[in-house]
Structure formats: C-alpha cells, structure tokens
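Structure, as structure tokens:
Coordinate-derived values only; no laboratory data. No experiment lies behind these values; they were computed from the predicted model shown.
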Amino acid sequence: MGDEDDEDGTGGKPKPAEGSLAAMTLASESMSPQEYRTAHSIKVIGMGSEPLPDPATTWTTCRSFFEAKLVDPLAAAGFAGPSPIQACAWPIAVQGRDLIAVAKTGSGKTLGFLLPGFKHLAAVRPQAYRGDAPKILVLAPTRELAVQIQTDCAKFGKTARVRSVCLFGGAPKSQQIRELQNGVDVVVATPGRLNDLLEMRKANVSEVNCPFTSPNFFATSYLIEER
C-alpha cells in the first residue's frame, strides 16, 4: 500500500489545496520572473534604468538577503513562502530603493515593509542601550491598524531583538512615554498621538531614517501594484 506511491511528488505529505498560498508557492518555483508576476497580477513600474530584481518566491531565496532569524519565524508560523507582494517587494527594498506597494488587505504588506526595516536596523543601530531613539517610524491612519502592525512587529521582530512601541489616542500617554524613554527601535503611531507627544517633547524622531532611501528617487524608485 505504501507503494501506491508518491505520484504527485509530495513525499506522502498532503497535497496543498488548489488555490491556496501553499499550492501557489509550489507552482511558482518553476515560473520565470515574468510568468510569476503575470500569474499573480502584479505590475511593477520602475523609474530608471536599474534592472528589476527577480521575485524571491521561496524562503531559501529570502535567506540570501535576510538573516535566518528573520525568515525562520515566518516559516515556523506556517507560511509556505513569501506572499506575491512580499516576493516582489523585498528584493527591491533590501537594495535601498524607494518603493510604493499597493495590494489588498491580507496580502502581507505589513511584513513586506517590516522585514526590510529589521534588516536596516541591524546595520544602523549601535549596541542596544536605555534611551535609544527610534530608527524606524510607521504611521497608520487608525488605532486598529496601528495595533495590528505593532502585533506583527512584536511577533516577528522578537528573534532580532527589535524593540517597538505603539502610540495611539484613547490610551494613557504615561505608559507610552515610559516605553519611549526605555528606548525603542520602531515607533508605530497614529498621527494625532505622535504629534501630541512631539509637542510635549516626549517623543524623539530625529534619528528616524527610512530603510528605503536612495540617492536619487526618480532614478531608482518603483511602484508595485497587485491587482
């Protein structure tokens, strides 16, 4: 019975459901970069002559530019591979190019910008110490979205010892101020609460630097749209 064998090449493992991310990830491994973008309805607009990096469609490929401690938690969480927006955005972002990515809710955009940010942190921050000013600022229009981003930041930044705080209205300022004073790497904030704390001189964003800054925006910037 054991020899009815593995005709589908899965080694006896359950075959991913058709249309699932796991199934799409498996199918993507044999696609060319253009076939991948077409299959996932992704349009990339580049402004300049820089060659467009190939999508990173597997965790193995991602480990070529991210440390394993950033990638392994995603694989351990059950993600079969990068989502399409991540696969196309990460190779551009880690090169320090400016990038705008547009995709629907649930597509993986949050980790699409957080992981390059975590990589950037490792390069710019000194040995952690009390009172560190944040290096990354994430602005969100609503409290709910800010909390969601902070949840992912805390969960997937843990292995990289990323310290983050979420600043939003409707909660006591005192606790948020204490967290800032203890030193953080990432601030996730709604504009109103951040402005309040800046006016009180309790927040310091003077050392924030964008991990995607390039010397010439118009020569090396990209727009990725997932339709």
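Residues whose amide H lies under 5 Å from that of Leu99, counting only those 5 or more places away or on a different chain, are Tyr222; hydrogens are built 1.01 Å from N in the peptide plane.
Per-residue 3J(HN,Hα) values for region 64-69, derived from phi via the Karplus relation 6.51 cos²θ - 1.76 cosθ + 1.60 with θ = phi - 60°, read 7, 10, 10, 5, 4, 5 Hz in sequence order (x marks Gly and Pro). Using the alpha-carbon centroid of each, what span in Å lies between region 182-208 and region 59-136? Comparing the Cα centres of region 182-208 and region 59-136, I get a distance of 22 Å.
Judged by the ratio a/c of the largest to the smallest principal axis of the C-alpha gyration tensor, region 134-206 counts as oblate, that ratio being 1.5 or greater while a/b is no larger than b/c.
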